[in-house]
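The values are calculated or read from the model by the stated rules, or taken from the named source; none is laboratory data. Since this is a predicted model, take the numbers as computed values, not measurements. Heads up, the Cβs are rebuilt from the backbone with ideal geometry, glycines too, and the neighbour counts pull from every protein chain shown.
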DNA sequence: CAAACTACCTGACTGC
DNA sequence: TGCAGTCAGGTAGTTT
């Protein structure tokens, strides 16, 4: 489940292999692989040179020797793998980008996505930010991230705190796993209303989210199954470090109480009923 | 504008 | 064995 740490693992892995390479050919294989708002088909990328790969929250984008960029969102199950072009293709292959090389067998970037919530899109940028991201807030690792402003934004809201930190227009990059982990670390119940928290509690929560995501990036992301892999097809190892997510019934490592799972709009929240009041 | 819904999607799993 | 139901969940769009 790609949240910020998984997307960053993909970004840095891709960067190592593809910056400076030219895209020889690009193809899409699924009607939803390319967003309907894309200003051009993938074949527009034939011949472009990859200059850089950027990330904000869970969004990635490729910059070229052109005015447009290629934005990628992995959705629930998307992967971007770098593989030899003769490597066996997944049945969920949605798009491929053949890269320049002197060798007979070229490398390719393969976009694979079982549940098809992910997408690609060719777009223009404003001040270095692609149009798809115009309403996406900065993530906590960005130099211009304004912690104080985010705290004030959250403090005046009347929704549950977990909803607020999952809202990508307030702070980006946090998904269900790291939301639960950050709330546990800062001892905040997921259903507390934002305006009932102190500014210090909100600050501690955001710092906890940043800290747990930083650890996950170091570990190469979180993986529970074969859905998420880095660009080499290797899984992340952060799942063993999770304190509450997916641990219903286990003992809280801080106080020993049983971890609980409650419904949360078609998904789950995991928390410690003793530590998180 | 804010908050809370639902739709989108596939495959693994559960219960009868 | 088969089949219906449930779950996983990020984002976009709609409704309140």
Is at least one residue of segment A:168-184 crowded, with 19+ Cβ neighbours inside 10 Å and at positive phi?
yes
Determine whether residue A:153 is surrounded by fewer than 19 Cβ atoms within 10 Å (Cβ to Cβ), within 16 Å of DNA strand C (Cβ to nearest atom) and modelled with pLDDT of 95 or more.
no
From the list A:13, A:47, which residue is on the phi > 0 side of the Ramachandran plot and either at pLDDT 95 or above or not in a strand (DSSP E or B) (or both)?
A:47
Matching helices (runs of 4 or more DSSP H) fully within segment A:113-230 where at least 1 residues are more than 22 Å from the chain's Cα centre (by Cα) and either touching a residue at least 60 places away in the same chain (Cβ under 8 Å) or away from DNA strand B (no atom under 16 Å from the Cβ) (or both)
A:147-155, A:199-219
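Matching residues to (1) within 16 Å of DNA strand B (Cβ to nearest atom); (2) farther than 23 Å from residue A:116 by Cβ; (3) in a strand (DSSP E or B):
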{"position": "A:24", "(1), (2), (3)": "no, yes, yes"}
{"position": "A:66", "(1), (2), (3)": "no, yes, no"}
{"position": "A:76", "(1), (2), (3)": "yes, no, no"}
{"position": "A:90", "(1), (2), (3)": "yes, no, no"}
Output the residues belonging to segment A:247-271 that are away from DNA strand B (no atom under 16 Å from the Cβ), within 16 Å of residue A:187 (Cβ to Cβ) and assigned to a strand (DSSP E or B).
A:260, A:270, A:271
Scan segment A:29-43 for residues that are under 24 Å from residue A:16 (Cα atoms) and surrounded by fewer than 16 Cβ atoms within 10 Å (Cβ to Cβ) and jot them down.
A:43
State all residues of segment A:51-80 that are over 19 Å from residue A:132 (Cβ atoms) and buried (at least 21 other Cβ atoms within 10 Å of the Cβ); if no residue qualifies, say none.
A:79
Taking the criterion of being in contact with a strand residue (DSSP E or B) (Cβ under 8 Å, 6 or more places away or on another chain), buried (at least 21 other Cβ atoms within 10 Å of the Cβ), at pLDDT below 95 and in a strand (DSSP E or B), would at least one residue in segment A:96-108 satisfy it?
yes
